[in-house]
Amino acid sequence: MLRQLLPRCGRALRAPAIRPSQLSLAVQVPRWYSIKPEAASAAKPLGLDPSKLSITKTTSPKTPKDPATLVFGREFTDHMLTMEWTKTDGWLAPTIQPYQNLSLDPATCVFHYAFECFEGMKAYKDKNGNIRLFRPDKNMERFNKSAARIALPTFDPAALIELIAKFTKLEERFIPNERGYSLYLRPTLIGTQKTLGVNPPGSALLYVIASPVGPYYPTGFKAVSLEATDYAVRAWPGGVGDKKLGANYAPCIVPQMEAASRGFQQNLWLFGPEEYVTEVGTMNLFVAMKDKETGQKELITAPLDGTILEGVTRDSILSLAREKLAPDGWKISERKLTMRDLYEASLDGRMIEVFGAGTAAVVSPVRKISWKGKPVDCGLNDNEESGEIALRMKNWIEARQYGDEEHEWSYVC
């Protein structure tokens, strides 16, 4: 009986023949490195509702510190914005309450499996005393992508922006009036289910805390030196380097400490045998150089190939460059660049400048890069701390952040 069934099974399971024309079509399909996860909250009954916000003010308000004494990320405001989510009920009513410790079970899944993502954004006070957020829609878009990638719930971006604006207005006395100061906002989402099983969390907490901060460089720009890092990898195709997950950051600390022990402020992350230039520390990287054949000036940053974080400042610089530099003959490119490309441009005198870009500093000029023991000059003179393009970008972006230039990127709370 078994012999009689086997041939039939074999015939039934045999794959149909593939014609050559079909094969050629199959091999032309591109490989996708980034999955497109469905949100954990896609079918949940309750969305985030700002109208249900309740506020409990602190009975012990702090006295804001002298702005000159502020250290980035060390001081925090009086309150925090919180909202819980459960698999059965969706998003519960949001609250603003006094800043306080979280109470979590030792088995909470965020501790064991890194169900955590976050955002970094700032609120600014303009000359008229208005409070402004800078491109919060871009932060919310990225926040949702990060959450969905690790099976945490997503939310309505407009609803969270409205809640963050109300929270920021409540804490506005912590935003110094001086130019260059702001309120750093840290929206954070964690899985809170008590379990040692590796499954999508059945509960989560989204909270926002705020920290008054001063200029990243209190005494002005200070160009940094980098160590090109090929012995450790920040991100890889198919990974989560394009998402803002806490798990991406801790592994970078030891290589940064190693670079610091050799006198360098940050790592320049290289990838693959080609040694593609990716990011600098926790910032996106921009290179301004002249084309070897034509001499045309080109501003280059790595493409969003799934390994590069979709920086809000990165996107802002690209937009400004296309608006303001391209008419002057600049070529604006999102393309791969190798460390050898930078080295040869430096040797040939074609390097103009190099800088990092991120929320904390806006731009961070680079003086030199150490690559395989060789110094790579990045275009700055000994008496310069910034190149012209980095400085112009900083000024253009700050004009929109502080409302000097009315623009759609500036959201008035």
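The values are calculated or read from the model by the stated rules, or taken from the named source; none is laboratory data. All of these numbers come straight from a predicted model, not from anything done at the bench. A quick note on method: Cβ atoms are made from the backbone with ideal geometry, for glycine too, and the neighbour counts reach across all protein chains shown.
Residues that are in contact (Cβ under 8 Å) with a residue 40 or more places away in the chain and hydroxyl-bearing (Ser, Thr, Tyr) do not occur anywhere in segment 249-258.
Scanning segment 94-111 for residues that are surrounded by 14 or more Cβ atoms within 10 Å (Cβ to Cβ) and either part of a loop (DSSP other than H, G, I, E, B) or modelled with pLDDT under 95 (or both) gives PRO94, TYR99, LEU104.
Scan segment 330-371 residue by residue and report those that are touching a Lys or Arg at 6+ places or on another chain (Cβ under 6 Å), farther than 19 Å from THR282 by Cα and assigned to a strand (DSSP E or B).
Within segment 330-371, the subset touching a Lys or Arg at 6+ places or on another chain (Cβ under 6 Å) is 330, 332, 350, 357, 362-363.
If we keep only those that are farther than 19 Å from THR282 by Cα as well, we get 330, 332, 350.
If the condition is that a residue be touching a Lys or Arg at 6+ places or on another chain (Cβ under 6 Å), farther than 19 Å from THR282 by Cα and assigned to a strand (DSSP E or B), then ILE332 is the only one that fits.
Scanning segment 67-86 for residues that are among the hydrophobic types (A, V, I, L, M, F, W, C) and not in a loop (DSSP other than H, G, I, E, B), which turns out modelled with the lowest pLDDT?
Filtering segment 67-86 for residues among the hydrophobic types (A, V, I, L, M, F, W, C) gives 68, 70-72, 76, 80-81, 83, 85.
From what's left, not in a loop (DSSP other than H, G, I, E, B): 68, 80-81, 83, 85.
Values: ALA68: 89, MET80: 98, LEU81: 98, MET83: 98, TRP85: 97.
Residue satisfying both the conditions and the ranking: ALA68.
In segment 257-298, the qualifying residues are those that are assigned to a strand (DSSP E or B) and aromatic (Phe, Trp, Tyr), and the one that is surrounded by the fewest Cβ atoms within 10 Å (Cβ to Cβ) is TYR276. In this structure, is THR229 out of contact with any strand residue (DSSP E or B) (no Cβ under 7 Å at 6 or more places or on another chain), at pLDDT 95 or above and crowded, with 17+ Cβ neighbours inside 10 Å? Here the answer is no, as THR229 does not meet what is asked.
Hey, does segment 182-195 have a residue that's free of Cβ contacts under 8 Å to residues at least 60 places away in the same chain and farther than 20 Å from HIS79 by Cα? No, segment 182-195 contains no residue that is free of Cβ contacts under 8 Å to residues at least 60 places away in the same chain and farther than 20 Å from HIS79 by Cα. Restricting attention to segment 45-64, which residues are exposed (fewer than 11 other Cβ atoms within 10 Å of the Cβ) and in a loop (DSSP other than H, G, I, E, B)? Of everything in segment 45-64, those that are exposed (fewer than 11 other Cβ atoms within 10 Å of the Cβ) and in a loop (DSSP other than H, G, I, E, B) turn out to be PRO45, THR56, THR59, SER60, THR63. Of the residues making up segment 382-401, those that are surrounded by 20 or more Cβ atoms within 10 Å (Cβ to Cβ) and either assigned to a loop (DSSP other than H, G, I, E, B) or over 23 Å from the mean Cα position of the chain (by Cα) (or both) are SER386, GLY387. Considering VAL412, VAL363, VAL376, the condition of being hydrophobic (A, V, I, L, M, F, W, C), at pLDDT 95 or above and surrounded by fewer than 15 Cβ atoms within 10 Å (Cβ to Cβ) is satisfied by VAL412 alone. Say whether the condition of being in the same structural domain as LYS166 (by TED's automatic domain parsing), more than 25 Å from ARG142 (Cβ to Cβ), among the small types (Gly, Ala, Ser) and surrounded by fewer than 16 Cβ atoms within 10 Å (Cβ to Cβ) is met by at least one residue in segment 71-92. No, the conditions are met nowhere in segment 71-92. Among the residues of segment 233-287, those identified as of a type in the set (Gly, Ala, Ser) and under 16 Å from the mean Cα position of the chain (by Cα) are ALA235, GLY239, GLY241, GLY246, ALA247, ALA250, GLY281. Any chance you could count how many residues in segment 358-413 are in contact with a Cys (Cβ under 8 Å, 6 or more places away or on another chain) and among the basic types (Lys, Arg)? Number of matching residues: 2.
With respect to the conditions (1) of a type outside the set (Asp, Glu); (2) closer than 30 Å to GLY306 by Cα; (3) surrounded by 19 or more Cβ atoms within 10 Å (Cβ to Cβ), PRO157 lacks only one, and its number is (3).
Looking only at segment 177-190, filter to residues that are under 20 Å from the mean Cα position of the chain (by Cα) and not β-branched (Val, Ile, Thr); which one of those is surrounded by the fewest Cβ atoms within 10 Å (Cβ to Cβ)?
That would be ARG186.
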